[in-house]
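The values are calculated or read from the model by the stated rules, or taken from the named source; none is laboratory data. Since we're looking at a predicted model, the values are computed, not measured. Here the Cβ positions follow ideal geometry from the backbone for every residue, glycine too, while neighbour counts run over all protein chains shown. Note: accessible area is taken over every heavy atom of the protein model, side chains too, but ligands, DNA and RNA are not part of it. Shrake-Rupley method; radii C 1.70, N 1.55, O 1.52, S 1.80 Å.
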Amino acid sequence: MFEDILFGNDKKNDNTEIFPIISNLDDFDLSSSELPETLPLLTIRNSVLFPKLVIPITLGRKKSLKLVKSAFKKENLIGIISQTDESVDDPDFKDIYKIGTLAKVIKLFEMPDGEQTAVLQGIKRFKIVEELTTKPNLTVKYEILNNIEPKKSEKQEFDAKLFSVKELSVKIIHLSVNIPKEATFAVKNIDNPEFLINFVSSNSDLKTEDKQLLLEENILTERAGILIKYLAGEVQKLELKNNIQNKAKSEMNQQQKEYFLHQQMKAIQDELGIDSPKVEIEELEKKAKSKKWDADVDKAFKKQINRLKQINPMSPDYSYQISYAQTLIELPWNEFTEDNFDLKRAEKILNDDHFGLDQVKDRIMEHLAVLKLKGDLKAPILCLYGPPGVGKTSLGKSVAEALGRKYARMSLGGLHDEAEIRGHRKTYIGAMPGRIIQNLKKLKSANPVFILDEIDKIGNDFRGDPSSALLEVLDPEQNNTFYDNYLELEFDLSKVLFIATANSLSSINPALRDRMELIEVSGYIVEEKIEIAKRHLIPRRLADHGVKKNQLTFSAEAIEDIISNYTRESGVRDLEKKIAEVIRKIAKKIATESEYNKILKINDVREYLGVPKYLQGNYEGNEFAGVVTGLAWTSAGGKILFVESSVSPGNGKLNLTGNLGQVMKESAVIAHEYLKAHSESLKIKDYILNEYNIHIHVPEGAIPKDGPSAGITMVTSMASAFSQRKIKSKLAMTGEMTLRGKVLPVGGIKEKILAAKRADIKEIILSKDNEKDIDEINIQYLKGLKFHFVETIDEVLNIALLKQKVNNPFKFKSSKNK
């Protein structure tokens, strides 16, 4: 670029650009030559001559050669000016720009091919002021154009622009493959600002009109700014060009590399006797002969094998196709494990592994009995729902062992993508079957026990609705033709025993819930937890911590203390953690040979676990009017709930506190209105209801509470507050009320009864319609409890309210008597 002499020309069809040579003269001394009054013009194409630069130019026109020879001989100055239209052979004034460069002919010589070449040096810019003649050459009157140097205030900005020009020029040299890297030194060693700008402008790969624009700019600072803009664009183009070339080269190299590696690998495989793709396909065909699949699958497999034989093993598509064929081979088409019909053995396994859960065990035993008699039966779709930690998930393993089947578990919690159920279409890169098919492929059995864990926590977003995809899986009438997007074939899931687990039914898709046989797995009472701890939790944790059975024994009192004072749950998950914590501390004493009690007592529990974590929700007595014990259901089981009411002078307003939900607030309003409507029968004077406010509070205000089951509790609490009558001792209640005084049934009865027993409650008021729920509960849960089944609020109040007043009752006064 900066050292090679490539000749410019005044001829039409030569695309070679003019590349200047650095002048050895810092400037031209105009005083040494007499400036002519008129100036002959030499027109050039495809380039622009800048002051202070030296260029060689090939002379093609006869009149141009004659002009240059005359100027060289007489040492005259000529004007070099660019054509606006390169296609014109004999340009007129309309075909040239108005600003050019005054030049001197330094050298004139003949090239080996006979062409005449002149070396010109640019001196000063000039502007045509008058057009004179066109023959033999264009002749004009002119004026010299001087540069406008930067002011002192612009010096810093101008220096920064010169630095940018150098920096961008060096970058272009490094990015271009056609420019010698030594040209960097030429640019860096130019100190004259005008010469630097002109030199870089002339060398840049710009259009003629862009170079002319730079030549015509009088202000050096502006000229430098325009040049920077052009150079920055050139850098971007070169970088993009290099990136494209490098990428293409890299891809080509990668393809060549892969080809050679495949060839080498093939040679190595042949040498080592490793199966080639052909052998691999033959092996698949051999395995297919022993498969028990139907005609449609066999047809699809053979079609896939034929496709594989036609694909180049080096092709990326080959790996996808061979993977699909292998999946078809590895799936258990009509391959089942044999069920064990020893019912006594199955019952023993279920009882050994899990204490309680009788309803679930009975359902499994029924299924096994029918299967033994009939020989063939569609598997039921069971859904075990209940609080956390009661053994819903672990029950699946026991069922699989009892039936002699293989076991699979799939967690659905947080699942958002429908493809996790149905699989991806095999046209996608990285496609695979859904997780149901994957598990069956791994188990190599088409009739396992399959646990669908946390089915109530399935997500739903733009990627699809997995719960809708499960509709086909969990429908006994459809799942014998389950369609996986990856397989693109129907697979029979009707022999799979699906057991879903959930904490709550409310968040399960109604259509999905309808397809399952719902079995409630409620919480354990203290006695059951003690047995579970003795039979399962303690032996397992002793083994996990390396403590021998003869080194530690938990007393029943200690276990009960851990359950009552350190856990609050329906299941036994927290209980197991606390047992593990105790065993760890004892293991430390054993390891350090410290003394400890081998039989764990309540005092030892305090030492290892600290002060009790939970205060028991025990009955608090009936000394205060308006305090009634209710029963509530939570996801962790049942609990007792106190409803407190107090009265104060006012205007009959009802105030509610305790973080109550909308339904619970409405229950309070209904109760208040009921008392107003039935004040006469309840012997509550009107002025008490109208001239005194009542405030209802449900303690533990940080915990949100909602639901209709506190309706009868609230009306009893308000009735006690207005009448100042005592509540029957050790009485709890739960039930919804209507505005006309009917008592409606509620849910969670078993959990609420367990909570009442833990709180030392002796009597419970329930709706008459909940009597059927009591009949289904194990008799041992009901010991020590007396139940009152009611239909109206009047019955509730007759049972709950004593005739006796509380000590120091509130004294109501009518405003008329004040």
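Picking from residues in the range 573-591 that are out of contact with any Phe, Trp or Tyr (no Cβ under 9 Å at 6 or more places or on another chain) and without any contact (Cβ under 8 Å) to a residue 24 or more places away in the chain, the one that is most open to solvent (accessible area, probe 1.4 Å) is Lys588.
Can you find even one residue in the range 166-173 that is at pLDDT 85 or above, exposed (fewer than 12 other Cβ atoms within 10 Å of the Cβ) and within 30 Å of Ile123 (Cβ to Cβ)? Checking the range 166-173: not a single residue is at pLDDT 85 or above, exposed (fewer than 12 other Cβ atoms within 10 Å of the Cβ) and within 30 Å of Ile123 (Cβ to Cβ). Checked against the criterion of being within 30 Å of Ala800 (Cα to Cα) and more than 45 Å from the chain's Cα centre (by Cα), the candidates Glu644, Glu595 yield just one match: Glu644.
Applying the set (1) of a type outside the set (A, V, I, L, M); (2) closer than 29 Å to Pro809 by Cβ; (3) surrounded by 13 or more Cβ atoms within 10 Å (Cβ to Cβ) to Gly621 leaves exactly one unmet item: (3). For the range 109-127, the criterion of a residue being open to solvent by 20 Å² or more (accessible area, probe 1.4 Å), among the polar types (S, T, N, Q), closer than 22 Å to Asn198 by Cβ and at pLDDT below 90 is satisfied by no position.
Selection of the range 575-591 for residues being hydrophobic (A, V, I, L, M, F, W, C) and either closer than 23 Å to Glu527 by Cβ or part of a loop (DSSP other than H, G, I, E, B) (or both) yields Leu575, Ile579, Ala580, Val582, Ile583. Taking the listed residues Ile499, Ile538, the one that is touching a strand residue (DSSP E or B) at 6+ places or on another chain (Cβ under 7 Å) and part of a helix (DSSP H, G or I) is Ile538, with no other qualifying.
Scanning the range 689-708 for residues that are of a type in the set (Val, Ile, Thr), within 49 Å of the chain's Cα centre (by Cα) and open to solvent by less than 50 Å² (accessible area, probe 1.4 Å) gives Ile696, Val698. Restricting the first member to the range 677-688 and to residues that are surrounded by 13 or more Cβ atoms within 10 Å (Cβ to Cβ), and the second to residues that are part of a loop (DSSP other than H, G, I, E, B), the beta-carbon pairs closer than 6 Å and six or more apart or on different chains are Tyr687/Ser814; Ile688/Phe812.
Residues are listed down the side, and each one gets a yes or a no for (1) of a type in the set (A, V, I, L, M); (2) in contact with an Asp or Glu (Cβ under 8 Å, 6 or more places away or on another chain):
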residue: Ser709; (1), (2): no, yes
residue: Ile761; (1), (2): yes, no
residue: Val806; (1), (2): yes, yes
residue: Ser814; (1), (2): no, yes
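In the range 131-152, of all residues being surrounded by fewer than 12 Cβ atoms within 10 Å (Cβ to Cβ) and either at pLDDT 90 or above or under 20 Å from Ile197 (Cβ atoms) (or both), the one that is farthest from the chain's Cα centre (by Cα) corresponds to Glu143.
Just to be sure, is Ile602 in contact with an Asp or Glu (Cβ under 9 Å, 6 or more places away or on another chain), under 28 Å from Lys549 (Cα atoms) and surrounded by 12 or more Cβ atoms within 10 Å (Cβ to Cβ)? The answer is yes for Ile602. Residues in the range 358-378 include none that are aliphatic (A, V, I, L, M), at pLDDT below 80 and within 23 Å of the chain's Cα centre (by Cα).
Checked against (1) open to solvent by less than 80 Å² (accessible area, probe 1.4 Å); (2) modelled with pLDDT of 90 or more; (3) farther than 19 Å from Asn622 by Cβ, Val796 passes all but a single condition, namely (3).
On inspection, Ala719 qualifies as at pLDDT below 95 and open to solvent by less than 60 Å² (accessible area, probe 1.4 Å). Set side by side, the residues Ser646, Ser594, Ser570 differ, and just one is open to solvent by 40 Å² or more (accessible area, probe 1.4 Å), in a loop (DSSP other than H, G, I, E, B) and small (Gly, Ala, Ser), which is Ser594. In the range 724-739, the count of residues that are surrounded by 17 or more Cβ atoms within 10 Å (Cβ to Cβ), charged (D, E, K, R), touching a residue at least 12 places away in the same chain (Cβ under 8 Å) and more than 28 Å from Phe810 (Cα to Cα) is one or more. The set of residues in the range 307-327 being of a type outside the set (Val, Ile, Thr), in a helix (DSSP H, G or I) and either modelled with pLDDT of 85 or more or in contact with a helix residue (DSSP H, G or I) (Cβ under 9 Å, 6 or more places away or on another chain) (or both) consists of Arg307, Leu308, Lys309, Tyr318, Gln321, Ser323, Tyr324, Ala325, Gln326.
Which pairs have Cβ atoms under 8 Å, sit 6 or more apart or on different chains, and link a residue in the range 488-507 that is more than 15 Å from Leu384 (Cβ to Cβ) and of a type in the set (Ser, Thr, Tyr) to one that is open to solvent by less than 20 Å² (accessible area, probe 1.4 Å) and part of a loop (DSSP other than H, G, I, E, B)? Hits for this filter: Ser494/Ala379. Being open to solvent by less than 40 Å² (accessible area, probe 1.4 Å), in a helix (DSSP H, G or I), closer than 22 Å to Leu331 by Cα and among the acidic types (Asp, Glu) is the requirement here; does Glu528 meet it? Against the criterion (open to solvent by less than 40 Å² (accessible area, probe 1.4 Å), in a helix (DSSP H, G or I), closer than 22 Å to Leu331 by Cα and among the acidic types (Asp, Glu)), Glu528 does not qualify. The selection criterion, being more than 60 Å from the chain's Cα centre (by Cα), exposed (fewer than 15 other Cβ atoms within 10 Å of the Cβ) and of a type outside the set (Phe, Trp, Tyr), does not hold for Gly100. Where helices (runs of 4 or more DSSP H) fall wholly inside the range 709-818, the ranges with 2 or more residues that are over 54 Å from the mean Cα position of the chain (by Cα) and closer than 28 Å to Glu666 by Cα are 711-723, 793-800.
Selection over the range 476-503 of residues that are out of contact with any Ser or Thr (no Cβ under 7 Å at 6 or more places or on another chain), among the polar types (S, T, N, Q) and open to solvent by less than 40 Å² (accessible area, probe 1.4 Å) gives a count of 2. Taking the criterion of being in contact (Cβ under 8 Å) with a residue 40 or more places away in the chain and in contact with a helix residue (DSSP H, G or I) (Cβ under 8 Å, 6 or more places away or on another chain), the residues of the range 747-757 that qualify are Lys750, Ile753, Leu754, Lys757.
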